[in-house]
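The values are calculated or read from the model by the stated rules, or taken from the named source; none is laboratory data. Since the model is a prediction, treat every value here as computed from it, not as a measurement. All Cβ positions, glycine included, derive from the backbone under ideal geometry; neighbour counts span all protein chains shown.
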Amino acid sequence: MNEIDRITLKVKNLFIKHQPFILFSIIALSIPVLLSYIPYVNLVYTLDNGMLIYLFMVLIFIRPSTKFLLILGIALLFLTLIFLLLGLAILAEQVGNIVFFLLAIGVFSIISAHFSETKS
Amino acid sequence: MIEFIKKHSKLFEIILIFFLSLTPLLWLKGGQIILGHDSGFRLDPTAHLINLFYSWDPSSNFGADWFWFKGFLVTQAPEAFFITITKSFAFGQQLTFIFWFFCIGISMYVFINAFFKEKGHWFFRVFGSLFYMYNFFLLQAWFIVERAKFSLFCALPLGVLFIYKTLTKEYSVLKGVILFSLTSFLFNAGGNTTLYGVLVLAYGITFVYLTAVNIGKRKYGEIVYSFKVGILFAIGFLAINSYWVLPQLYSLFNGYGSNLLSVGGINSIIEWESVITKNASFINLLRLQGMPDWYDNNLHTYAYLFVRNPFLIAFSFIPLLILFFGFLYHKKLSLDKRRNKLIILILLFFLFGLFFTAGSHPPFGVIYIFLIKHVPGFAIFRSAFYKFGGALWFSYIFLISFYLSLFLLKVAKRKKMYIFLAISSFYFLLAYHFPFFNGNFFIWNEPFTTRITVPSYVNEMAGYINKMPVDTRILLLPEFDNQADSYQWGFWSLDSLPRLFTNKSIIANSANSPEIIASIYYLISQNEENTFLRLAGSSGITKVLWRDDVLYSDKIRTSKNFGQVKKNLENFNSVKLEKKFGAWSLYKVESPYYTSIFHGINSITYAQSDSSKLKSIFSQEENPKNTAILFDESVKDKDKKILLSSGKNVIGADCVACGSETFSQTKGGLLMPEIKILPTSPFYYLSSLREQQVQNLHKNNPSLRIDADLGYSNKRIAEMRGIANAKVKTDNEIFFLKQTIEKYQILIKDALEQASLLPEDKRNEAFMKISIYLNSQFGYLGMQNNLYDYALEDFESLSIFMQETINNLGNKIWATNFTENKIRYFLNLDKAGIYDIHVTTGNVQSQTVSINGENLTEFKNLILDKGIHKVEIAYPIIENLIDVSQATESGELRMQFGERVRLPIKSFNPKEKYFANFDYKISQGRSNASIIEIIKDKPHTWNLLLSQNNIWNSFSAILEPNQDTKSVNLEFYPTGFETTGATIQVKNIKVISIYVPEVFVSKNVVPSIATKFPKMSFSRLNPTMYKVSIENSTSPFVLAFGESYNKGWRAYIAENFFQTLFLKPIPETQHYTLNGYSNGWLIDKKGSYSIVVEYFPQKIFYAGLIVSGTSLFIVVLILAKRRVRP
């Protein structure tokens, strides 16, 4: 088995291993994109909304730790600050929306932790 | 000492909050006060409170309903108290500001202290309270000292606290209800229901959350408890606030306030909402910013620093960082379960607050818009940022203070370090909010500010006016600009300044003022004394207040620009200078036609026209003193018996296309829409489906169906272009193109067919509309050369169809033609008869009047049939005021990129109206044409919308210059890119002075009922109640009452107020609008008796007041008993 075959096999292996996730992300990405092109539907369901929902679905699917998300949030905060300082308010707003989502996830995790503690 | 401080540490915390509440002492210096804009301050707040007690405001023109503001009886009580006890307006105001500053801080302090009592949490308590006092959401309210919002900020933490403690059973239900009711009484947000969005949201979340928690702990029985608590709290709130809730509920169910809820319809509400929340993105809100003023107002005194300064931008991220780190270490901060429950509640406030405050801003704005559209009553929250911002600020401030205090406790191991960090935090908080300390935020649009020094002559005039009889009516001059009253010394308000110091009737062209006021102003400017006296006298105006210190909102025009108006006024024989204080002069009007507020009417003129003809009709009246004009609109759904006493019928003729919208046979210029979904698209059927639905919806409404047809015909034209621009051209495209042409013709034919179903005048309007659409579409198709590559024959036949239709319509349309000096009208008579025709002449003497094509030689005793008549007034040819030969010999101008031609209007007179008309063709680049008015040496440009379609188009418009315009130029200057070039050709330029006379016919009729009004006298009990004594009435008569018409005014044949409780009023069908604004009742009782006239909503207020008073008494009694009980 030469090197190329080995890498190919490794990629194949990776694909098979993560096939559900890859398929899910493709479908999850294509749905908002498609929906945002349908007339009248796209009055409500814009590409912006679609992307946020996609992000949310991916987060639900890969379930990263809340700590990771909050640290990501802090990192994105700095990115937002840089955009604002550069006068790129529109970009800052888009990143800010993601920050909001991460914050919301933080709130939900605190709430769920509280109730699980209360139950136990 | 240290021991004392330790023992009384909380007292010192409160003292610190109080000390910082003294900040307002820095704001006002040297007799400055806060007045104007929306501040709602009155120069005599005690008199204002007394006025507020009554539901009718007599100072607003001819009076206006204001029972919507009853909540201010409590909210504005502190200022009345402080100003009265200090006997100084400025100092009293400062104390009022301190009061509100402190109340806001202490309410947050009480809330935090209820959960974090330990000494160690002192930083949390103080920092949270100070942050609640010092934040930019409140600062934007401070510039108008928005007491309603401050009151709301006080109510929010306290209300949540009492609900929380009751639902968690730490308070008994009775204690909870009493404290909650008392709080909602003292801090009622001015009774402004739109502000209650925050409270409903916060209280609702608290109820749902704690009920859910209780259910988790103690099963479903808790629902009953929560339900009981909810009902009792609601009853407590409603009972103690009945004095303002009952009137508002009454208004809601009787349509008094319907206009408040649906100003401009749902679309304008959404539009307004999107303007307010334009900058309410999540990232701005999370930095506690997003205030609309910060981004819209270039003259904002501090916003630019926070939007542009990199350090301040960086600092604005600190709250967000604290929150993120707080979430990260939330578990490690190890709170007990009880407090964690509270934190979760606040987190829910935070999330919901963020969502609602962002309003219609993306990404969730569509949900908010859905709520506005589909949830009944939600439209009152049309400025989401202001209505829900309180919930976000409260929760966010709480969370930041909470996490910061816990961090400090964890980080600072040594006490000194802790104190150092705490003091640094306080210092940083106050330093970051530095605009609080200089008071410049009151200057909202320099020189206009709410922090002013009132000139002494204003106070002197106020004193003089306040001594006048209660029924004095004062006309303000110069008239308002854009319905605002503004002065050189900085005052600006939508309400007039004199209304802030007196309750005498102040007449001005403020919002929703009746036609009679505009007519009075017009008559003074036109120097028509006789008709002015007729209108002023019949409306009870006895004084004119001239102000020499007026500065309009444009900051250019001052009273000096109205010198001619002042000269006219002073030249009137019946107007005499009565008193002068500084820049203010009061004139006395001695009108022979003066009538008191109650008077009898012996002649009704029934006018079948709109009220704009009021002054012309009045000028013709022989006895205007006891004559009233009853417009068509006033007798709709009313008892027509009053018309039997009519002595004269007047029917107005409607001028066709002589307003701002003119018409010519070649008029077009509409823009075609951009179409994304073409007939070739698989989704096209969705769009067709929608069109069919709309057309079916309007199948029985020809006018709306025509609008739909024409709108869709524009879409068809745009679709033709879209198909023709396709990169790949196949038979399929040609098929769709032919089909679209066919559909287009069907739409136009349908529009014509629908027009034929309309009466003549409406049909004429429809024809004009269709003609404008066809011209626009024809011009648009003409420049789409590639269309003709496809289906040449079909396009040729379409072109013929369009041209023929335009020509046919041109022959049928009856419209004013200013270029030929022919003004055309429709006169609609519902009865045949002998009529006199009246035409106002203005300055133009020579004119020919024709009816149905026949020139009139006599204007009296014309025999006219029932139905629609065409009236035409032709003037001799008037000189073209543009001298084109100055620019070119041929009369046609051709301009290239960079050239500019300016054509002045000759012999310009600002009093006249002008009609401008020219043909133009733009071959390349963008055109630009504008009308430039020179006002006080500064040019004001009015850009003209021209079509860039490479064909000859026609443009026409009417110009109504400002009174102080010195000259007007017509200017053309092609723009674009130098490389591609720009060319515009213009010909047939014509500007003429025009005059549109008012035309109406009148017919004297013998009244079927002889009316003779009896001798009467009246007394005013208060602004909402009058008693009129009638002596020996021998026939039915009309009782006129000079306050603004409102169906809340009711007349009872009764001796006193108490009898009105048991008697029925004179039916509403016999209550009319006289002269377009006042009240009139048809009284058919004979003999001597009394009539009590009352404003009915005041009774509702009295009922509410009794309930509120009783509730308050009970609450105080229970509190007192609990305190006394050992």
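What the table shows:
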{"item": "Exclusive hit being among the hydrophobic types (A, V, I, L, M, F, W, C), closer than 16 Å to B:Leu320 by Cα and free of Cβ contacts under 8 Å to residues at least 40 places away in the same chain, set A:Leu77, A:Leu34, A:Leu29, A:Leu86", "result": "A:Leu77"}
{"item": "Index of the failed condition, B:Leu475 passing every other in (1) of a type in the set (A, V, I, L, M); (2) in contact with a helix residue (DSSP H, G or I) (Cβ under 7 Å, 6 or more places away or on another chain); (3) under 14 Å from B:Lys580 (Cα atoms)", "result": "(3)"}
{"item": "All positions within segment B:292-311 that are within 14 Å of chain A (Cβ to nearest Cβ) and either loosely packed, with under 14 Cβ neighbours inside 10 Å or touching a strand residue (DSSP E or B) at 6+ places or on another chain (Cβ under 8 Å) (or both)", "result": "B:Arg308, B:Asn309, B:Pro310, B:Phe311"}
{"item": "Some residue of segment B:775-794 being of a type in the set (Asp, Glu), surrounded by fewer than 16 Cβ atoms within 10 Å (Cβ to Cβ), over 26 Å from B:Lys613 (Cβ atoms) and modelled with pLDDT of 90 or more", "result": "no"}
{"item": "Some residue of segment B:1044-1062 being of a type outside the set (Gly, Ala, Ser) and within 22 Å of B:Pro1007 (Cα to Cα)", "result": "no"}
{"item": "B:Lys743 being at negative phi, within 14 Å of chain A (Cβ to nearest Cβ) and at pLDDT 90 or above", "result": "no"}
{"item": "Considering residues of segment B:327-344 that are assigned to a helix (DSSP H, G or I) and either at the interface with chain A (Cβ under 9 Å from one of its Cβ atoms) or in contact with a Lys or Arg (Cβ under 8 Å, 6 or more places away or on another chain) (or both) only, the residue farthest from A:Gly73 (Cα to Cα)", "result": "B:Lys337"}
{"item": "Among the candidates B:Gly290, B:Gly390, residue that is within 26 Å of A:Leu91 (Cα to Cα) and in contact (Cβ under 8 Å) with a residue 60 or more places away in the chain", "result": "B:Gly290"}
{"item": "Output for segment B:924-945, where each listed residue is at pLDDT below 75 and closer than 26 Å to B:Met672 by Cα", "result": "B:Gln924, B:Gly925, B:Arg926, B:Ser927, B:Asn928, B:Leu945"}
{"item": "Members of segment B:453-512 that are closer than 19 Å to B:Ile33 by Cβ and assigned to a strand (DSSP E or B)", "result": "B:Asp485, B:Ser486, B:Tyr487, B:Trp492, B:Ser493"}
{"item": "A:Val107 being within 30 Å of B:Leu335 (Cβ to Cβ), in a helix (DSSP H, G or I), at the interface with another protein chain (Cβ under 9 Å from one of its Cβ atoms) and touching a Gly at 6+ places or on another chain (Cβ under 7 Å)", "result": "no"}
{"item": "Cross-chain or 6+ apart pairs with Cβ under 9 Å, segment B:551-564 first and under 14 Å from B:Ser486 (Cα atoms), then part of a helix (DSSP H, G or I)", "result": "B:Leu551/B:Ser559; B:Tyr552/B:Asn561; B:Ser559/B:Lys566"}
{"item": "Residue satisfying condition, being part of a helix (DSSP H, G or I) and facing chain B (nearest Cβ under 8 Å), within set A:Leu29, A:Leu70", "result": "A:Leu70"}
{"item": "Yes/no for B:Ser360 being over 22 Å from A:Thr66 (Cβ atoms), within 9 Å of chain A (Cβ to nearest Cβ) and either buried (at least 16 other Cβ atoms within 10 Å of the Cβ) or at pLDDT 95 or above (or both)", "result": "no"}
{"item": "Segment B:1-10, residues that are surrounded by 11 or more Cβ atoms within 10 Å (Cβ to Cβ) and in a helix (DSSP H, G or I)", "result": "B:Ser9, B:Lys10"}
{"item": "Condition check for B:Leu320: among the hydrophobic types (A, V, I, L, M, F, W, C), assigned to a loop (DSSP other than H, G, I, E, B) and within 12 Å of another protein chain (Cβ to nearest Cβ)", "result": "no"}
{"item": "Any hit, segment B:611-620, residues being outside any loop (DSSP other than H, G, I, E, B), farther than 30 Å from B:Phe915 by Cα and among the small types (Gly, Ala, Ser)", "result": "no"}
{"item": "Count - residues of segment B:363-381 that are more than 14 Å from chain A (Cβ to nearest Cβ), surrounded by fewer than 23 Cβ atoms within 10 Å (Cβ to Cβ) and not β-branched (Val, Ile, Thr)", "result": "4"}
{"item": "Any hit, segment A:43-50, residues being facing chain B (nearest Cβ under 8 Å) and either crowded, with 19+ Cβ neighbours inside 10 Å or at positive phi (or both)", "result": "yes"}
{"item": "Check on A:Phe100, within 7 Å of chain B (Cβ to nearest Cβ) and of a type in the set (Phe, Trp, Tyr)", "result": "yes"}
{"item": "B:Ile642 vs. criteria of a type in the set (Val, Ile, Thr), in contact with a helix residue (DSSP H, G or I) (Cβ under 8 Å, 6 or more places away or on another chain), part of a helix (DSSP H, G or I) and more than 19 Å from B:Phe826 (Cβ to Cβ)", "result": "yes"}
{"item": "Residue count, segment B:1067-1126 (criterion: assigned to a loop (DSSP other than H, G, I, E, B) and among the small types (Gly, Ala, Ser))", "result": "1"}
{"item": "Selection within segment B:695-705 - exposed (fewer than 14 other Cβ atoms within 10 Å of the Cβ) and not in a loop (DSSP other than H, G, I, E, B)", "result": "B:Asn696, B:Leu697"}
{"item": "Residue match in segment A:78-96 (condition: farther than 22 Å from B:Ile283 by Cβ and facing another protein chain (nearest Cβ under 7 Å))", "result": "no"}
{"item": "Residue in segment B:664-682 that is closer than 30 Å to B:Ile597 by Cα and in contact with a helix residue (DSSP H, G or I) (Cβ under 7 Å, 6 or more places away or on another chain) present", "result": "no"}
{"item": "Neighbours by Cβ (under 7 Å, 6+ apart or cross-chain): first from segment B:813-825, in contact (Cβ under 8 Å) with a residue 12 or more places away in the chain and assigned to a helix (DSSP H, G or I); second aliphatic (A, V, I, L, M) and buried (at least 18 other Cβ atoms within 10 Å of the Cβ)", "result": "B:Phe818/B:Ile992; B:Phe818/B:Ile994"}
{"item": "Residue within segment B:560-573 that is in contact with a strand residue (DSSP E or B) (Cβ under 7 Å, 6 or more places away or on another chain), among the hydrophobic types (A, V, I, L, M, F, W, C) and over 29 Å from B:Ser1019 (Cβ atoms) present", "result": "yes"}
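Okay, residues lined up against (1) on the phi < 0 side of the Ramachandran plot; (2) outside any strand (DSSP E or B); (3) among the basic types (Lys, Arg):
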{"position": "B:Glu633", "(1), (2), (3)": "yes, yes, no"}
{"position": "B:Ile651", "(1), (2), (3)": "yes, no, no"}
{"position": "B:Leu678", "(1), (2), (3)": "yes, yes, no"}
{"position": "B:Arg690", "(1), (2), (3)": "yes, yes, yes"}
{"position": "B:Gln693", "(1), (2), (3)": "yes, yes, no"}
{"position": "B:Asp707", "(1), (2), (3)": "yes, yes, no"}
{"position": "B:Arg716", "(1), (2), (3)": "yes, yes, yes"}
{"position": "B:Glu719", "(1), (2), (3)": "yes, yes, no"}
